[in-house]
Amino acid sequence: MSPKLRLVLLSFLMLFVELALIRWTGSNVVFLSYFSNFVLLGSFLGIGIGFLRAGRSRNFFPYAPLALAGLVAFVRFFPVSLRDSGGDLIFFGELKPHGPPKELMLTVVFLVVAATMAFIGEGVARTFARFPPLEAYKWDLVGSLLGIAGFSALSFLGAPPLAWGAVAAAVFVAVELPPRVPVLAALQGAALIAILVMLGFESFAAGTDWSPYYKIRYQSHPVTENGRRVEPPVDFLTVDVNGVPHQADYPVKNNPIYQTLYQHARPAGGLGDVLVIGAGGGNDVAAALARGARHVDAVEIDRRLYELGKAHHPDRPYQDPRVSEHIDDGRAYLERTGRKYDLVILALPDSLTLVAGQSSLRLESYLFTKEAVEAARSRLRPGGVFSMYNYYREPWLLDRLGGTIKSVFGHPPCVHVLGATDGPNNFSVLTVGKDPSSVACGTDVRTEGALWEPSGAVPAPSTDDRPFPYLRGHALPNFYLITIALILLGSLVLVRWAGGPMRPMVGYLDLFFMGAAFLLLETKNVVQFALLFGTTWFVNALVFAGVLLVVLLAVAVQRRVKDFRRPALLYLALLGALALAWLIPPHALLGLSVVPRFFAATALAFAPIFLANLVFTQRFKDTESSTSAFGANLLGAMVGGLLEYSALIVGYRSLLVVVAALYGLAFLAGRRYLVPGARAEAAPPRVAEPVPT
């Protein structure tokens, strides 16, 4: 195999395995549905250690299948469900204690992922070092881009984990043939077979499907009344996602919770056009049709959940010609549609997963911001009604949403609570009209609904800049701090133990800061595009691919220009691009139509990335010791991933200030390399997506 092809395949393997681990571990360890960033950080650490080891005589890459098999076995045989939910941070899931404490489990997964990726990273590093720096960088980026394309294609096809494992195994076999040590080859084969067997049992389990967002398990049950099956026999479907109960597709006449809002909603123009966001299996759609809706737009982000509802819902709502389905992000649909509605419903939108592996944004976070409620209000006809409901679990969350609605509509919503008002799982319905007369409300919150009154101090509304409705205040919960401290401690120990003395990396302090800054910059762009174009997996894949294409463009420019006469000016241009991105917040682009919004967002997001990579390649092109430099860059990226959690306190826009400060530190630490023609020992950028530079 030619060295170029080997480097492309190894880079493909590294990125593909990283994305698969982020996706798969979150399906089996429910904490990682909410903190998949920890898998990404573990990957950074592991790849960095792999590069630090690349100069040593013993090569651990051939043992990568054994490490991966151990990781798969650990996650498969020690799945974890949510241990608690409440306090200052809300998870949506079962409340029964099960499994180790989340602080311990997240740390263990982080370390096991790091060990696995270290073996793969070493294989990439040893091949990477055979090329001139920019040549190696280019082919690494090509492999990374193919890795994104491959995993996105499998996501589109709904391929189960067995397919992911088969692709990874095939690439590993291709780069390792012919086997050199028979005993090791036998161990590799046994490990790969074990991985495929474990993933195969999971992939073909009865009633299991895989969407781009979830591991879905569903089961059919008979509908009963008074302990007896109804006649004629009717079945309903229960659906779990990532091990958490998510929805039940139940007949409308036997499902009172979906009728509660209609006790209060009195649209002035009648129940003509209805918008259901979070349509899922179709319960809310069926309820609207049963109430005489003329037309229903049903928006659901997960196509597989919609397909299950279409095939199994006993009322067959999606077969009704009055229904139009839209597989889309709810907030994106609100921003794009020009239709007006008599009733807009946010129907139980709790996603149970994050947008991507490097942010704290859940799929539904942008539906609960003040700007989202304003968008919903703008889609109502005069006399129209807006309603949202869920098991809000904590009184402060209900108060936050009630206060947000009041600030947008100018009067409080009607709140109807089913169950005890102090219960942990009370089902609450909030209904408000453009005109207060469009909502019928009583005086008892539990029997007939009552106008919302705060139960205590009302948390500030979530905003598009700080879209964290389930976080009560502006401080990191203790378990974040504990887990981050454990990760940092474990990282220092592993780097020192596996990579040797850290002194050689001191000369690459500027690359450390570049890695941290670029990771934050990319995270900001992922979140920005999620707001502007939707939190769908397809949008995320396009953003990651766009980042790699821009990095490739920067490499091409550097190879053609070779030396910038005044490379320090690149930092100045980068600072200007960051300042412009800060001055024009993402929500300012929402008023544009889709095409100009795309071009404006692309220019604001990718100009800093392009300039940042020119800064990096100028430093990187003359590298002589790539392994130590790369280790510094990866450690910086990992620290940048931890700094991303500061957005929970200050918001995502302020991350640009942190990015500018980090690049300023990189300038100060590396200013001696800014003399034209000066040789600088630098590192290739991170080869696993996203690529910090």
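The values are calculated or read from the model by the stated rules, or taken from the named source; none is laboratory data. Just so we're clear, the structure is a prediction, and the values are computed from it rather than from any experiment. As a convention, Cβ positions derive from the backbone with ideal geometry for all residues, glycine included, and neighbour counts pool all protein chains shown.
Matching residues to (1) over 25 Å from A288 (Cβ atoms); (2) in the same structural domain as Q259 (by TED's automatic domain parsing):
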residue: Y391; (1), (2): no, yes
residue: G402; (1), (2): no, yes
residue: I405; (1), (2): no, yes
residue: V432; (1), (2): no, yes
residue: D444; (1), (2): yes, yes
residue: Y480; (1), (2): yes, no
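Within the bounds of region 44-66, is there any residue that is in a loop (DSSP other than H, G, I, E, B), of a type in the set (F, W, Y) and more than 25 Å from V244 (Cβ to Cβ)?
yes
What number of residues within region 198-238 are loosely packed, with under 14 Cβ neighbours inside 10 Å and free of Cβ contacts under 8 Å to residues at least 24 places away in the same chain?
15
Select from region 328-346 the residues that are out of contact with any helix residue (DSSP H, G or I) (no Cβ under 9 Å at 6 or more places or on another chain) and small (G, A, S) and list them in ascending order.
The one that is out of contact with any helix residue (DSSP H, G or I) (no Cβ under 9 Å at 6 or more places or on another chain) and small (G, A, S): G338.
Okay, residues lined up against (1) surrounded by fewer than 21 Cβ atoms within 10 Å (Cβ to Cβ); (2) at pLDDT below 90; (3) outside the structural domain of R560 (by TED's automatic domain parsing):
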{"site": "F128", "(1), (2), (3)": "no, yes, no"}
{"site": "A149", "(1), (2), (3)": "yes, no, no"}
{"site": "A153", "(1), (2), (3)": "yes, no, no"}
{"site": "W164", "(1), (2), (3)": "no, no, no"}
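Pick from V539, V527: which is buried (at least 16 other Cβ atoms within 10 Å of the Cβ), touching a Leu at 6+ places or on another chain (Cβ under 6 Å), in a helix (DSSP H, G or I) and at negative phi?
Of the residues listed, the single one that is buried (at least 16 other Cβ atoms within 10 Å of the Cβ), touching a Leu at 6+ places or on another chain (Cβ under 6 Å), in a helix (DSSP H, G or I) and at negative phi is V527.
For region 126-140, enumerate the residues that are in a helix (DSSP H, G or I) and over 28 Å from the mean Cα position of the chain (by Cα).
R126, T127, F128, P133, L134, E135, A136 - these are the residues of region 126-140 that are in a helix (DSSP H, G or I) and over 28 Å from the mean Cα position of the chain (by Cα).
Taking G158 as the residue in question, decide whether it is within 22 Å of the chain's Cα centre (by Cα) and assigned to a helix (DSSP H, G or I).
Judged against the criteria, G158 is not a match.
Can you give me the number of residues within region 413-445 that are modelled with pLDDT of 80 or more, β-branched (V, I, T) and part of a loop (DSSP other than H, G, I, E, B)?
So the answer is 1.
Could you give me the residue pairs with C-beta distances under 9 Å whose first residue belongs to region 510-527 and is over 26 Å from Y673 (Cβ atoms), whose second residue is among the aromatic types (F, W, Y) wherever it lies, and which are 6+ apart or on separate chains?
T523/Y652; K524/Y652; N525/F606; V526/F544; V527/Y652
For region 169-181, which residues satisfy the criterion of being β-branched (V, I, T) and either crowded, with 16+ Cβ neighbours inside 10 Å or part of a helix (DSSP H, G or I) (or both)? So that I can check it myself, show each step before the final result.
Just the residues of region 169-181 that are β-branched (V, I, T), to begin with: 171, 173, 175, 181.
Correct list: V171, V173, V175.
Scan region 446-462 for residues that are surrounded by fewer than 19 Cβ atoms within 10 Å (Cβ to Cβ) and either modelled with pLDDT under 85 or assigned to a loop (DSSP other than H, G, I, E, B) (or both) and report the count. Write out each step before concluding.
Of region 446-462, the ones surrounded by fewer than 19 Cβ atoms within 10 Å (Cβ to Cβ) are 446-448, 450-451, 453-458, 460.
This time we only want the ones that are either modelled with pLDDT under 85 or assigned to a loop (DSSP other than H, G, I, E, B) (or both), so: 446-448, 453-458, 460.
Residues flagged as surrounded by fewer than 19 Cβ atoms within 10 Å (Cβ to Cβ) and either modelled with pLDDT under 85 or assigned to a loop (DSSP other than H, G, I, E, B) (or both) within region 446-462 amount to 10.
E325 - would you say it is within 30 Å of M638 (Cα to Cα) and either in contact with a helix residue (DSSP H, G or I) (Cβ under 8 Å, 6 or more places away or on another chain) or outside the structural domain of M388 (by TED's automatic domain parsing) (or both)?
The answer is no for E325.
For (1) at pLDDT below 80; (2) closer than 17 Å to A163 by Cβ; (3) outside any loop (DSSP other than H, G, I, E, B), each residue gets a yes or a no:
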| position | (1), (2), (3) |
| --- | --- |
| M1 | no, no, no |
| K4 | no, no, yes |
| L7 | no, no, yes |
| F12 | no, yes, yes |
| L15 | no, yes, yes |
| E18 | no, yes, yes |
| S27 | no, yes, yes |
| F38 | yes, no, yes |
| L41 | no, no, yes |
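With the structure loaded, tell me whether R304 is in contact (Cβ under 8 Å) with a residue 60 or more places away in the chain, surrounded by fewer than 16 Cβ atoms within 10 Å (Cβ to Cβ), closer than 20 Å to G534 by Cα and not assigned by TED's automatic domain parsing to the domain that holds L531 or whether it fails that test.
No.
Return the only residue of S152, S220 being farther than 30 Å from N59 by Cα and not in a strand (DSSP E or B).
Details: S220 fails: not in a strand (DSSP E or B).
Only one candidate qualifies: S152.
Determine whether A166 is within 28 Å of N242 (Cα to Cα), out of contact with any Asp or Glu (no Cβ under 6 Å at 6 or more places or on another chain), in a helix (DSSP H, G or I) and touching a residue at least 12 places away in the same chain (Cβ under 8 Å).
Criteria met by A166.
Of all residues in region 273-292, how many are on the phi < 0 side of the Ramachandran plot and touching a residue at least 40 places away in the same chain (Cβ under 8 Å)? Quick ask: steps written out before the conclusion?
Of all residues in region 273-292, those on the phi < 0 side of the Ramachandran plot come to 273-277, 279, 281, 283-291.
Next, from what is left, pick out any that are touching a residue at least 40 places away in the same chain (Cβ under 8 Å): 273-277, 279, 281, 283-284, 288.
The total comes to 10.
So which residues in region 130-148 are under 15 Å from R23 (Cα atoms) and of a type in the set (A, V, I, L, M, F, W, C)? Even if it seems obvious, please write down each step before you answer.
Initial filter on region 130-148 (under 15 Å from R23 (Cα atoms)): 147-148.
Correct list: I148 only.
Based on this model, can you work out whether H264 counts as farther than 28 Å from A440 by Cβ and crowded, with 22+ Cβ neighbours inside 10 Å?
When the stated conditions are applied, H264 does not pass them.
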